[in-house]
Amino acid sequence: MSKVLLVHAKGGPPLGHVLSRTAAKAEVHLLALSALPPAVAGSARRLCASVVTPADAQHSDLVSLIVERAKAVGADAVLTFSEYAVVAVAAACEALGLAGAGSAAALARDKRLMRSTWQRRGLPQPAFRPVATEADLYAAVHSLPCPLLLKAAWSAGSTAHQIIRSPHEASAAWARSRDVMAESAQLGYAELHVAEADADFVVEEIVTGMASDWFDEPGWGDYLSVEGVVADGVFHPICLSGRMPTVEPFTERAGITPALLAQDAQDRVVALARRAVDALGLRDCGTHTEIKLGPDGSMWLIETAARFGGAMTVPQIEEVFGLDLVGMLVDHLLGRPVEWPEQALGPAQARGAAGSLVVLAVDGHGEAWQDRRVWDFPVVSADVSLSRGSELSVVVESSLADGTVVPVYDPAAGANTMAALCLLFAADPRTVLRDFETLVDALPRVLPAAQPEEASA
């Protein structure tokens, strides 16, 4: 039986989903660079032939650690679904002579390299400047028109994003973003291979989206993502995922599969995603390309990742389109034939719709809740009325335990202050969107109030 070394770290699709699909294709050996979520620790040991945990994985060179572990178990493929381990796994695959994202993986990870590559190709994107010091930031805010967005070059999940509305805000934004990156590293949300990656930033123009020019009804965000895969250097688009509007500054609240776009609009979006992925030169990996939607058909590239979308994007695709992307990628990396979709799938090919909602202590208008609340999914399930036929569940391994006080939303920390991740299946994308709006409005009302001693703790 073929053997796969799966490198686990924070982020990406839920580990339980990834493990079960990988184990159906090969003997799995798990290298856990982050602690296993308690909800899946037991099943991980049942599904895996071996599990090496953080306590066992001390090594000065992450690439060497992965290479040594792959050799020890006789791995025929090595893969990860975590943004923070993509570069290290790609380098290890290169050293082992195995299929992987290739040496270009860093271009899909470091936002400075990514944007420079796209700039050379003339692809549409916001104007930007690399930033390594506070002096660099001062120079940038005087050369680009405000407002600007400061973001960490190696971050994920909208972490350390800061809006700079005038040059005099630059110093405070710089200090806050640096602090958030340090805090994120303590939580395990940090690049694992590149030393001092938390010191690298980029500042970019904030472009104005126009969702109403793309969607026939209100409520959709002004950006979306193209999910895909690169196999033997050829990009295969899978589908598009729509969004609800972000929470300031640009924290994602919900992803919905499929995006409810007309076919000609979908074709134009996919064409830009293809140009973006092709420019990076990736070889064998999942891809996730985010695109801002502007007026009169204009678009700007936000970023491309050399891995599948995080949160519940992969399970949503499996539910809606019947595609096991994890299993398909494993098959491809093992040299087995895989039939990728001939073109991006859309609403016409979907069987219903699915969406994932990040629970933040922010209402539908982007305002913070007026008081502290306790997360309690059974209460939510019982007291929030959704559309007939809609099925709501909570992703346990990505959520706080019931009875935990919901964190105060911190704009700079982004998804680090989430309380839970909910998954919804419904008849169509429109219903998912409306049910999520209902859920967001209801949460601060139906969740139990936190006691003063709980909130202070």
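Scanning the stretch 409-438 for residues that are at pLDDT 95 or above and of a type in the set (A, V, I, L, M, F, W, C) turns up ALA419, ALA420, LEU421, CYS422, LEU423, LEU424, PHE425, ALA426, ALA427, VAL432, LEU433, PHE436. Can you confirm whether the stretch 128-144 contains a residue that is in contact with a Ser or Thr (Cβ under 8 Å, 6 or more places away or on another chain), under 29 Å from SER398 (Cα atoms) and outside the structural domain of ALA415 (by TED's automatic domain parsing)? For the stretch 128-144, residues in contact with a Ser or Thr (Cβ under 8 Å, 6 or more places away or on another chain), under 29 Å from SER398 (Cα atoms) and outside the structural domain of ALA415 (by TED's automatic domain parsing): absent.
Given the condition under 26 Å from GLN162 (Cα atoms) and touching a Leu at 6+ places or on another chain (Cβ under 7 Å), answer yes or no: does some residue in the stretch 425-435 qualify? Taking every residue of the stretch 425-435 in turn, none turns out to be under 26 Å from GLN162 (Cα atoms) and touching a Leu at 6+ places or on another chain (Cβ under 7 Å). Screening the stretch 74-119 for residues that are over 17 Å from the mean Cα position of the chain (by Cα) and under 17 Å from GLU204 (Cα atoms) and picking the one that is surrounded by the fewest Cβ atoms within 10 Å (Cβ to Cβ) gives GLN119. Looking across the stretch 237-251, the residues that are in contact with an Asp or Glu (Cβ under 9 Å, 6 or more places away or on another chain) and either among the hydroxyl-bearing types (Ser, Thr, Tyr) or part of a loop (DSSP other than H, G, I, E, B) (or both) come down to SER241, MET244, PRO245, THR246. Taking the stretch 120-167 and the strands (runs of 3 or more DSSP E) fully enclosed by it, the elements with 2 or more residues that are closer than 18 Å to ALA305 by Cα are at 148-152. Taking the criterion of being surrounded by 18 or more Cβ atoms within 10 Å (Cβ to Cβ) and hydroxyl-bearing (Ser, Thr, Tyr), the residues of the stretch 336-393 that qualify are SER356, SER390. The test for being at pLDDT 85 or above and either within 25 Å of ARG253 (Cβ to Cβ) or surrounded by fewer than 17 Cβ atoms within 10 Å (Cβ to Cβ) (or both) holds for ALA172.
Here are some residues: VAL207, VAL194, VAL202. Which one is of a type in the set (A, V, I, L, M, F, W, C), within 18 Å of ALA305 (Cβ to Cβ) and over 19 Å from the mean Cα position of the chain (by Cα)?
The conditions single out VAL194.
Somewhere in the stretch 210-218, is a residue touching an Asp or Glu at 6+ places or on another chain (Cβ under 9 Å), surrounded by fewer than 17 Cβ atoms within 10 Å (Cβ to Cβ), part of a helix (DSSP H, G or I) and free of Cβ contacts under 8 Å to residues at least 40 places away in the same chain? Yes, the conditions are met somewhere in the stretch 210-218. Only one entry of VAL40, VAL89, VAL28 meets the criterion of being outside the structural domain of GLN186 (by TED's automatic domain parsing) and within 18 Å of ALA306 (Cα to Cα), and that entry is VAL89.
The single condition among (1) buried (at least 17 other Cβ atoms within 10 Å of the Cβ); (2) hydrophobic (A, V, I, L, M, F, W, C); (3) more than 25 Å from PHE81 (Cβ to Cβ) that LEU323 does not meet is (3).
The values are calculated or read from the model by the stated rules, or taken from the named source; none is laboratory data. Note that the structure is a prediction, hence the values are computed from the model and not measured. Here the Cβ is made from the backbone with ideal geometry for all residues, glycine too, and neighbour counts use every protein chain on show.
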